[in-house]
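Chemist: Below is the structure I would like to discuss, written out as structure tokens.
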Amino acid sequence: MRYFLLIFFFSAVLVLAWAGFRGEKTRRPPIELFPDMDRQPKLRPQAANDFFPDGRSSRLPVAGTIVRSAAYQNLVDADAGKPVYPHNDAPANTGMITGTTNFVEHSPFQISAQLMARGRDRYQITCSPCHGAMGDGNGITKKLGAMLTVANLHDQRLVRMTDGELFYVTTNGRGLMGPYGPQVEVEDRWAIVAYVRALQRSRLATLDDVPEQLRNTLKK
């Protein structure tokens, strides 16, 4: 029994030394007992392939295919009247002017009471835990010590940001802030930007920002 264990041990070491580090420590390709579909037949886009009669690998959608996404509604300045979808390289998706790295000045969506209400709802759920209900950076995460530094949305640095840049930061994150693109829908992110502007206006506005017919209703 002892000799059997010794032979088994040295055999295992030999197999490991011969095959265990192939493709990692040496240039020899690894030995795969379970390839797990690492390599499989497939069609490469925009390449010739004789599988189909027309010789093309890229195929049109099957007749009757149901679209998985819908065009955005209520865009202020749609591109020559063309619908904009979530996969398009458009300001609504990137926050940038198409073909440039410049951020758009204003939201591409029409600002409405419905959009503002949606922005407030999404802000309270997604943003207020860190930035606080008033946007002053005093959310519950800061009060509990989970995050010691949270941006105050009323800082001039953020007030001077364009709507497109605020959208971009919300989507991709910046500094200590993580990206929220995967969690929040595109239209909801723009709604949040609109609500953030309302929070900033509530604190930084002047009398000139109030419609003239409503100025007399303000308490001094």
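Chemist: How large is the charge dipole for the chain, taken about the Cα centre, if only the Cβ atoms of Lys, Arg (+1) and Asp, Glu (-1) carry charge, to the nearest 20 debye?
Modeler: With only Lys, Arg, Asp and Glu charged at Cβ, the dipole is about 740 debye.
Chemist: So, one more: Answer with one residue from His106, Val62, Gln200: the one whose Cα lies farthest towards the positive end of the charge dipole of the chain, charges on Cβ with Lys, Arg +1 and Asp, Glu -1.
Modeler: The one lying farthest along the dipole's positive direction is Gln200.
Chemist: Now a separate question. Taking a temperature of 37 °C and a viscosity of 0.692 mPa s, what whole-number D in µm²/s does Stokes-Einstein yield for the chain with Rh from Kirkwood over alpha carbon pairs?
Modeler: The calculation lands on 143 µm²/s.
Chemist: Given R₀ = 35 Å, what would the calculated FRET efficiency be for Phe34 paired with Ser11, taking r from the Cβ atoms and rounding to 0.05?
Modeler: 0.95
Chemist: How many nm separate the modelled label positions at Glu185 and Gln114, each set 7 Å beyond the Cα in the direction of the Cβ?
Modeler: Here the modelled spin labels are 1.2 nm apart.
Chemist: Per residue, how big is the convex hull around the C-alpha atoms of the stretch 113-208? Give it to me in cubic angstrom, could you?
Modeler: Per residue, the Cα convex hull of the stretch 113-208 comes to 99 Å³.
Chemist: Right, here's the next one. Starting from 0.36 nm per residue, how many nanometres of slack lie between Gln46 and Met134 once their C-alpha separation is accounted for?
Modeler: Length difference between fully extended and current span is 26.6 nm.
Every number here is computed from the coordinates shown, using simple stated rules; none is lab data. Since we're looking at a predicted model, the values are computed, not measured. Counting neighbours? That spans all protein chains shown, and the Cβs are built from the backbone with ideal geometry, glycine included.
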